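Encoded as structure tokens, the structure appears first; notes follow it.
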Amino acid sequence: MDIKQQIRSNGSELKFAVDRISEDIRAILPSHSSVEDIQSALKTYYAPYLVILRVSGDELDLETCYVNLAIVEAPVQREVEKQDLKEQAAVFHRVWSIDAVERTNMQSSIPLDQLFEKRKLRDGSVNIPKRILVQGRAGIGKTTLCKKLVHAHQTGLWRDHFDAVLWLPLRQLKAFKSRTLEGLLREKFFTQGLSEGDSLAHALETYAKKGRVLFILDGLDEIVTDTQCDEGIALRSFLRTLLRQQHVVITSRPSGLDRSLLPSIDLELETVGFNQQNVQDFLVKVLKPEAVRTVQDFIQQTPLIQGLVNIPVQLDVICFSWDSLPMDGPTITMTGLYQLMVRKLWCKDALLLRKTAGGKDLTPRQISKLAPQDIDELMATELQHLGYLAFKGMKNNHQIEFDEKALLSAIGDLREYRATVKIGLLPPQLLETMKQTSFLHTADADLDASKSDSQQAWYFLHLTFQEYFAAAWIAQHLQVKQPHPSAGMMTVEQTRAFVQEHKYNPRYEIVWWMVAGLLDGEALEEFFGLLQGSPRDLIGGRH
């Protein structure tokens with residue numbers, strides 16, 4: 001070990017020792033923070049974050065954000081209830097996903113307010129579940145579930161079980177210095193004066209040891225990679241401490257779930273999005289009466305849409321774009337639908353970003369009258385960055401979260417390319433511009449200012465929008481014989497090789513659907529030739 005590593009190691013050990021000694025000292029001192037003090041402080045902390053925003057920017061009542069939890073059954077029970085499973089399609093329509101949870105029985109659901117009632121657990125016993133795993137695909141409502149759990153407790157639910165409910169997005173752990181429970185509670189939730197914050201954190205840890213605190217550990221899949229390197233040993237150890245708390249609700253995407261980290265689980269659930277009645281209720285809540293029937297008819301006439309609207313954010317975007325939807329629903333393709341929705345959102349962003357023409361800000365009326373190709377040209381810089389970022393993420397082990405370094409790296413690549421081919425420079429404020437678009441969001445708005453820039457994670461509005469922008473990037477490059485300012489850094493030969501390499505990868509299935517929808521004529525024929533040509537999969541591909 002060199003001297004720098006030794007200093008770093010000794011410093012970390014010293015900080016850990018100081019934290020533990022401080023906690024031991026406070027443990028023998030009386031705590032002046034009552035349950036009411038803790039609940040009041042947490043309510044104040046959570047107030048800005050228990051808000052659901054529509055893509056329009058309007059707030060949505062939490063009561064309108066429906067959450068359906070279905071039991072993920074053990075294999076034996078799965079066989080017993082096969083007949084019930086055949087009836088699932090009548091209630092839920094779901095588009096294919098790599099994140100599917102295969103043993104979910106959507107006929108066996110649990111209302112949220114009954115989550116902590118006695119029931120049959122996975123080991124066959126009957127008791128109140130203490131350790132609950134909730135899986136769910138990207139964008140299906142896991143974060144909304146976390147917010148509703150916190151809100152439910154604040155409004156009086158489960159007070160006989162818990163004195164406090166703590167929502168901890170696990171991806172944020174690396175942003176905090178402390179690797180002890182009391183230290184984390186102080187740093188995360190209680191930023192009041194030193195003595196008051198210490199007292200609240202100490203008292204809350206005491207209640208946790210008594211089993212009076214519910215920990216919502218959100219996004220186990222989002223922290224696994226950070227715990228697998230040498231620097232992540234302490235983080236992994238601390239993560240295990242959190243997972244071993246007496247009462248936990250753990251959320252994760254199925255594809256990134258590391259079960260080796262999990263202690264025993266009492267109840268395994270999947271959050272499955274909206275059912276048909278939820279969709280109807282949502283339409284009535286957010287649309288004008290004359291629009292409700294139009295969107296209802298569009299959904300009913302379009303099988304493709306029925307596989308999308310159970311995802312809350314997808315339904316919200318469809319509602320936002322309803323006046324752009326075609327009346328001949330059955331003929332629309334997935335790509336065509338996403339083109340309409342993306343352009344509708346670009347029109348909103350063009351106004352927000354004060355796009356200009358002839359040196360003057362465009363008005364809402366002017367933007368609404370733009371032709372599709374004019375919208376694409378107006379937002380060309382943002383479109384190029386999102387396309388490259390989306391493609392780069394898919395190529396990088398299907399990355400769906402991007403820190404500020406990743407956003408800047410994509411901008412840097414594009415800036416270097418533009419300089420090479422001597423075309424216009426990227427605007428210096430592009431990073432902040434991209435953060436304001438409808439397509440990039442962060443779930444880390446609650447990080448304090450000292451951590452927000454470097455530790456915030458950004459992600460696409462929904463995975464399918466990332467797939468759409470990646471498809472647009474690929475389609476553009478398949479049609480460009482020579483490097484071109486509107487294309488980027490890949491030649492058509494490199495793009496063709498990429499398609500051939502990944503054409504049987506199920507994670508790219510929706511990307512290939514959308515690429516096909518974006519191409520026409522000779523380019524489309526060549527693309528199908530790539531899919532059907534060598535190398536061939538002996539089993540055959542889904543495309």
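The values are calculated or read from the model by the stated rules, or taken from the named source; none is laboratory data. Remember, it's a predicted structure, so these values are computed and weren't measured experimentally. Glycine also receives a Cβ, built like all others from the backbone with ideal geometry; neighbour counts cover every protein chain displayed. Just so you know, the surface numbers come from the protein's heavy atoms only, side chains and all, with ligands and any DNA or RNA stripped out. Shrake-Rupley method; radii C 1.70, N 1.55, O 1.52, S 1.80 Å.
For segment 60-70, how many residues are modelled with pLDDT of 80 or more, out of contact with any helix residue (DSSP H, G or I) (no Cβ under 7 Å at 6 or more places or on another chain) and open to solvent by 40 Å² or more (accessible area, probe 1.4 Å)?
Residues meeting the conditions: 1.
Looking only at segment 413-440, count every residue that is of a type outside the set (S, T, N, Q) and modelled with pLDDT of 90 or more and tell me the total.
7
Can you name every residue in segment 230-284 that is among the β-branched types (V, I, T) and within 17 Å of Q172 (Cβ to Cβ)?
The answer is T241, V248, V249, I250, T251.
Looking at the structure I just gave you, is S252 in contact (Cβ under 8 Å) with a residue 40 or more places away in the chain and open to solvent by less than 20 Å² (accessible area, probe 1.4 Å)?
yes
Tally the residues that are of a type in the set (A, V, I, L, M) and open to solvent by less than 30 Å² (accessible area, probe 1.4 Å), restricting the search to segment 372-414.
11
Give the residues of segment 349-371 that are open to solvent by less than 60 Å² (accessible area, probe 1.4 Å) and either touching a strand residue (DSSP E or B) at 6+ places or on another chain (Cβ under 9 Å) or touching a residue at least 40 places away in the same chain (Cβ under 8 Å) (or both), sorted by residue number.
Those that are open to solvent by less than 60 Å² (accessible area, probe 1.4 Å) and either touching a strand residue (DSSP E or B) at 6+ places or on another chain (Cβ under 9 Å) or touching a residue at least 40 places away in the same chain (Cβ under 8 Å) (or both): D349, L353, K355, L362.
What's the total number of residues in segment 264-275 that are out of contact with any strand residue (DSSP E or B) (no Cβ under 7 Å at 6 or more places or on another chain) and either assigned to a strand (DSSP E or B) or not small (G, A, S) (or both)?
Total satisfying the criteria: 2.
Every residue, every condition in (1) part of a loop (DSSP other than H, G, I, E, B); (2) among the small types (G, A, S); (3) touching a Cys at 6+ places or on another chain (Cβ under 9 Å), yes or no:
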residue: F116; (1), (2), (3): yes, no, no
residue: P129; (1), (2), (3): yes, no, no
residue: T143; (1), (2), (3): no, no, no
residue: V150; (1), (2), (3): no, no, no
residue: G156; (1), (2), (3): yes, yes, no
residue: V165; (1), (2), (3): no, no, no
residue: L173; (1), (2), (3): no, no, no
residue: E182; (1), (2), (3): no, no, no
residue: R186; (1), (2), (3): no, no, no
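Going by what's in this entry, would Q466 be described as touching a Ser or Thr at 6+ places or on another chain (Cβ under 9 Å) and modelled with pLDDT of 80 or more?
no
For segment 127-181, what are the residues that are open to solvent by less than 10 Å² (accessible area, probe 1.4 Å) and either of a type in the set (F, W, Y) or free of Cβ contacts under 8 Å to residues at least 12 places away in the same chain (or both)?
Within segment 127-181, F162 is the sole residue that qualifies.
Being free of Cβ contacts under 8 Å to residues at least 60 places away in the same chain and closer than 15 Å to Q245 by Cβ is the filter here, so list the residues in segment 182-200 that pass it.
Those that are free of Cβ contacts under 8 Å to residues at least 60 places away in the same chain and closer than 15 Å to Q245 by Cβ: L184, L185, K188.
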